[in-house]
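Down below is the structure, laid out as structure tokens.
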Amino acid sequence: MMKKLIAILFILLLTVCSYAADTAKQVDFLLSGYRHPTTDQPLAGGYVKTYIDGTSTLSSLWTDKDKGASADNPFALDSQGLAEVYGDGLYKFEIYDGDPGSGGSLVETINGLTYRVSLTSSSSLNDDYGCDLPTALADIGSVNQTELIVDCDCIIASGTTVTSTDNISLRVVNGSVFDGVAGGGTETLIIDGPVSAGNYQIYGENLTVGTTSGSTGDTNPMHWGLVPYVTTSTQKLLNTSAIEKAIVFASTGKVTIPSGTYFIGVGEFDLATGPSTFEGSGNDTILNWDDTFTGTAFTITARNVRFANITLDKARRATAPANTVIALDIQEAHSYIENIRTSGSGSDDHYGWYTGIKVDFWSHTFLKNRILVDNLAIQSTGTNALNIVGGSYIVKFGAICALFQNDTALSITGADFEGLDQTGGSIYPAIGIFIERSGSDMDGFSITGSYIEHFGTAGIRVRGTATDPVEGGSITGNYLNISSAATGADGIDLDDVDSIVVNGNKFRGVDRGILLNDVVQNVDIGPNVYENATVEIGDGTTSLSGRIYYPGNGYYSYIGIPERKPIGTFTDSDTTPDISGYDEWKTASVGASITSIDGGSFEGQTVMIVFGSTGTTVNNGGNINLAGGVAWTSTGASNSIKLRYDGSTWRELWRR
């Protein structure tokens, strides 16, 4: 609609020298024609009245750019809604479906208009400025709303400053570039209005670009683009400079980098105040840092940014990178990170990046990234709602692939985490996914449908402290293939946790499928597949409490591992048996008098006792309360009794 509602004027110029400031500008009806806002058809036979903008005072246009003859007011449109008229200044347009003096009806009123000026080095029927940007800007002035189309390289004279004021919208086409004079003074282009550019670089290395402080210009939306320079060492700074200038000036707009390899040199890019979207054209857009780079490639700070479709490549090297070498550092920002890859080119051992993505605070979405690094594919600290969907996170030399510390509402779905053989001798990183709480909140995580492969200590480790356990998590439907890692690796290690569900996972090549360590409470271990685990559920130095559930065997206060039996057997003549570890027990062959039952750990716990011989008596008293308040003695080997623990006393449910 806006295109219909705005009349655009096109400058017809002969040469820079012959252009006069009072030359009129051609109305854009000649280029596109006016279309009815309801039918979207050309307004054939329509009429246009023109006034001084914002008034009811008629103000005629001209029939030529030199203002030699005034146009009729109103003037007629042809069958395509076109008319060749020229203007200079601000106008109000009234558009009619016929001659208003003969009953034509008002279709639309347009207040104000935007001119169009073209810079081009090619000859045409139109007069133009050539590529003289300063003259064109001066002639447009600071009042008339104008779209300035730049279709050629524009050079700013040595030592000068040129300003594109906030009434001017720059549109750069066909690979055109703004630049200064090589070896000259300081050339500066001040841009206070909106800018649009395609997939090419629009800044040369000899030009400073900025905005006027306090400008009221509308700098949104912007779309900057870049093209690769010649890929030689002498051209690295050209790519770095162009990206920096695009970031600085794009405000909340968009930077697009097309396919190609861009040599960066020592560039570190900060998106703290740059574009809201920074993207390439798939993984064919490669930003390449050499092996001397020791900083952070991109930093995103305190804002919403979409960062997508780029490969961040660093030269491989024989020695490990410093821990300051980070591909993407997200600091206190909301971000959307999609289809980002890190890699290391070359033939040396180390991939060049120490950390792939470092992130803290606020919410983020990672979608289908492929992060290949030396030490940490992901390092997250204190984020709120980090959502990882798909993608691959691969580490070779570091101890941990993905580290999440004190995060809240962490979600991992359908992602791959892989450790690479460090030496060729089946030596792998220690841990795939490490979720850790150390004093701050660390509540509510889920790991679902993911693939965790080749880690020497644990595929997934969840660790809190005795006073601050990790609370409220689920690990469901994952495949943990640790088969090529060192002997003794665990599939899942739960260490100081509360209210965790582990269900529907498949373990392959692990020593222990699930390891319970330290204070573990209220854990629901549902059906999992233990393909060739030595032990399904292992017990470290564990203090278990609450409900620990294992399918087919009920609730337990303690899990007696390594060997599980379907039914426990009391020791001969044991008068105070301990029922920890099993919900069903059988008395020994020698009869005894049971005076109390040890091992009750939670309210609602039940135990069934099957008598192995006649003459065994369960007393009524101590912490045992039988129906009728009297002791019961078995009369045969098939007798049984079931009791329920209320927190202090075992109360009979039934006997038979």
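The values are calculated or read from the model by the stated rules, or taken from the named source; none is laboratory data. As the structure is a computational prediction, the values presented were derived from the model and not from experiment. Quick note on the areas: whole protein, heavy atoms, side chains included, nothing else; ligands and nucleic acids left out. Shrake-Rupley method; radii C 1.70, N 1.55, O 1.52, S 1.80 Å.
Measuring with a 1.4 angstrom probe and ignoring ligands and nucleic acids, H36 comes out at about 50 Å² accessible. Normalised per residue, the accessible area of segment 265-408 is 32 Å², obtained with a 1.4 Å probe and no contribution from ligands, DNA or RNA. Of the accessible area of segment 304-447, computed with a 1.4 Å probe over protein heavy atoms only, carbon and sulfur atoms account for 45 percent.
With the whole protein complex present, E332 retains an accessible surface near 90 Å², based on a 1.4 Å probe.
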